[in-house]
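*Asks:* The structure's right below; bear with me while I get my questions together.
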Amino acid sequence: MARRRRKSSVGKKIFWTIFSIVVGLLVIGLGVGAKVYFDLSGSIKETYESVERNNETTKRKAPIDLSQKQPFSVLLLGIDTGDLGRTEQGRSDTLMVATVNPETNKTTLVSIPRDTYVEIVGHGTQDKINHAYAFGGAAMAMDTVENYLDIPIDHYVSINMMGIKELVDAVGGVDVNNDLEFESRGEHFAFGPIHLEGERALTYLRMRYEDSRGDYGRQLRQRAVVEGIMNKALSLNGVTQYQGILNTMEGNMKTDMSFGDMQKIALDYRDAFSKMDQLQMTGEGFMQDGVSYQRVSEDELQKVQSTLKQQLDIK
């Protein structure tokens with residue numbers, strides 16, 4: 001069954017890692033001076049990358065209108081490239097869908113296991129859901145998740161693993177509470193509170209084979225690192241340290257949301273983040289042709305679909 005945590009501070013920080021750093025710097029720019037504001041605007045323009053969706057399958061025939069304060073969804077993708085010399089397209093090791101409703105002042109965040117066995121829309125195959133990005137980038141990932149969850153996916157935000165590493169370094173390292181002592185890539189990670197710099201943070205959040213929880217344990221570590229980034233980002237000394245974050249965003253983050261879109265979200269949707277429901281979809285493992293997959297039960301899938309449709313006011 002999908003695990004639910006209401007008003008999840010961790011879930012809120014995961015979602016805000018993408019948006020609140022932008023929004024926070026926007027506020028700094030408005031309060032401190034035009035330079036920060038224009039630097040932020042320029043950086044967001046560098047991250048903008050539109051997508052060409054499959055018009056035959058997309059559930060929205062017209063783009064969502066944020067100026068009308070309509071509920072919207074965004075696919076959050078963590079891409080396994082940019083580190084360890086990897087320059088290929090990569091796969092989406094982390095997939096989360098956030099639905100934001102300004103009328104109910106509520107956001108729901110759903111984590112999808114990367115090995116979930118689904119139809120890859122536009123590729124004519126069934127495979128792990130994280131392969132959709134490898135086959136067709138953000139557009140195919142959006143189409144595939146949209147088909148799987150049976151809801152419109154309005155926007156996406158992706159950040160590669162090098163981006164996580166550089167964000168950690170940009171904020172001066174992060175502090176996490178490690179719940180599993182282990183060694184990976186020659187590094188020892190003790191049980192309890194530990195401090196992580198960029199390279200160590202990357203090793204920490206990538207490990208999964210030494211963890212009996214598998215990918216679910218890795219997702220917990222990813223959330224811990226993201227939470228640590230958020231805690232440090234919110235405590236930065238404004239204009240003296242913001243440039244490192246902006247530089248990281250420019251080189252490692254992509255989104256189809258414009259600076260204007262993010263301004264609307266910051267101004268008109270901020271109360272929707274006051275209440276956060278976080279759902280973790282879980283599946284049963286199975287083998288097919290020597291490859292391991294996860295299959296989410298129909299009952300759990302339908303419950304998640306129903307929850308997200310209510311959030312998006314879909315009848």
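The values are calculated or read from the model by the stated rules, or taken from the named source; none is laboratory data. Bear in mind that the values here come from a model prediction, so they are computed numbers and not experimental data. Cβ: placed from backbone, ideal geometry, glycine included. Neighbour counts: every protein chain shown. The protein model used for the area step is the full one, side chains on, heavy atoms only, and it has no ligands, DNA or RNA in it. Shrake-Rupley method; radii C 1.70, N 1.55, O 1.52, S 1.80 Å.
*Asks:* Can you send over the solvent-accessible area of Asp175, 1.4 Å probe, protein chains only, in Å² to the nearest 10?
*Replies:* 100 Å²
*Asks:* Also, I was wondering about something else. Where the accessible area of region 240-284 is counted over protein heavy atoms with a 1.4 Å probe, how much of it, in %, is carbon and sulfur?
*Replies:* Of the solvent-accessible surface of region 240-284, carbon and sulfur hold 42 percent.
*Asks:* For Gln305 paired with Glu197, estimate the spin-label separation in nm (one decimal), with each label point 7 Å from Cα along the Cα-to-Cβ line.
*Replies:* Going from the Gln305 label point to the Glu197 one covers 4.9 nm.
*Asks:* Could you compute how much accessible surface Tyr48 exposes when probed at 1.4 Å, giving the result in Å² to the nearest 10?
*Replies:* Here the accessible area works out near 110 Å².
*Asks:* Quick one: ranking Thr104, Thr248, Thr307 by accessible area, 1.4 Å probe, largest first, what do you get?
*Replies:* Final ranking, largest accessible area leading: Thr104, Thr307, Thr248.
*Asks:* Return one whole number: the accessible area per residue of region 109-201 in Å², for a 1.4 Å probe.
*Replies:* About 35 Å² of surface per residue is accessible.
*Asks:* Considering region 108-184, what Rg and Dmax in Å follow from its alpha-carbon atoms?
*Replies:* Just the Cα atoms of region 108-184 yield Rg and Dmax of 16.0, 45 Å.
*Asks:* Give me, ordered by chain and number, the residues 5 or more places off Arg60 or on other chains with an amide H under 5 Å from its own placed amide H.
*Replies:* For Arg60, whose amide H was placed from the backbone, there are no distant partners under 5 Å.
*Asks:* Here is a follow-up. With every protein chain left in place and a probe of 1.4 Å, what is the accessible surface of His195, to the nearest 10 Å²?
*Replies:* Near enough 80 Å² of accessible area.
*Asks:* Also: Place a point 7 Å from the Cα of Glu56 along the Cα-to-Cβ direction; which residues of region 122-143 have their backbone N under 12 Å from it?
*Replies:* Correct set: 122-124.
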